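Q: Could you have a look at this structure, given as structure tokens, before my questions?
The values are calculated or read from the model by the stated rules, or taken from the named source; none is laboratory data. Every value quoted in this text rests on a predicted model; they were computed, and no experiment measured them. For neighbour counting, all protein chains shown are included, and Cβ atoms are generated from backbone atoms with ideal geometry for every residue, glycine included. For accessibility, only protein heavy atoms count, side chains too; no ligands or nucleic acids. Shrake-Rupley method; radii C 1.70, N 1.55, O 1.52, S 1.80 Å.
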Amino acid sequence: QVQLVESGGGLVQAGGSLRLSCAASGRTFSSYAMGWFRQAPGKEREFVAAISWSGGSTYYADSVKGRFTISRDNAKNTVYLQMNSQKPEDTAVYYCAADKGGGKSPAEYDYWGQGTQVTVSS
């Protein structure tokens, strides 16, 4: 069982930056792949970024590639999402998720946080 708690969301102007954190409980955090997803009002939850259990492999949605960076600190049981050059279309609730295998589909993840709101003003 893994419990996830996101933090770091807020209001930012277009072009600005935010860093999201996701703190995980449990001693097996380092064995899980982690993902970030987002959901805007009226839209389906979509993949943003993922990272392998070791941090050696990362994956990004085309819409955020070059602007967002996912990273993890297994000693702190935390995964991060650094968001730079933000755009109004990045506005959404951001969720972190954990899974043994990982992937780009929400259905592949077993554990989810409660989400944190990110709003980018134009």
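Q: Counting other Cβ atoms within 10 Å of each Cβ, which trypsin sites (Lys or Arg not before Pro) in region 1-65 have at most 14 and sit in a DSSP loop?
A: When the trypsin sites (Lys or Arg not before Pro) of region 1-65 are filtered for loop state and at most 14 Cβ neighbours within 10 Å, Arg27, Lys43, Lys65 remain.
Q: Hey, got the dipole for the chain? About the Cα centre, +1 on K and R Cβ, -1 on D and E Cβ, debye to the nearest 20?
A: 220 debye
Q: Rounded to whole Å, give me the distance from the Cα center of region 15-71 to that of region 93-117.
A: Each part reduced to its Cα centre gives a spacing of 8 Å.
Q: Summing Lys, Arg as +1 and Asp, Glu as -1, what charge do residues with Cβ under 13 Å from the Cβ of Val79 carry, Val79 excluded?
A: Overall, the nearby charge balance is 0.
Q: I want the local charge near Val120. Using Cβ-Cβ distances under 11 Å, sum +1 for each Lys or Arg and -1 for each Asp or Glu among the other residues.
A: Residues near Val120 contribute -1 overall.
Q: While we're here: What ranking of Tyr59, Tyr95 comes out by heavy-atom accessible area, probe 1.4 Å, highest first?
A: Tyr59, Tyr95
Q: Take the alpha carbon gyration tensor of region 50-122, find the square roots of its eigenvalues, order them as a ≥ b ≥ c, and report rounded if a/c is under 1.5; if not, report prolate when a/b exceeds b/c, else oblate.
A: prolate
Q: Work through the residues other than Met34 whose Cβ is under 9 Å from its Cβ and net out their charges, Lys, Arg +1 and Asp, Glu -1.
A: Charge balance in the 9 Å sphere: 0.
Q: Along the charge dipole of region 45-90, pointing to its positive end and built from +1/-1 on Cβ of Lys, Arg, Asp and Glu, which listed residue (Ser52, Phe68, Asn84) has its Cα farthest out?
A: Among Ser52, Phe68, Asn84, the one farthest towards the positive end of the dipole of region 45-90 is Ser52.
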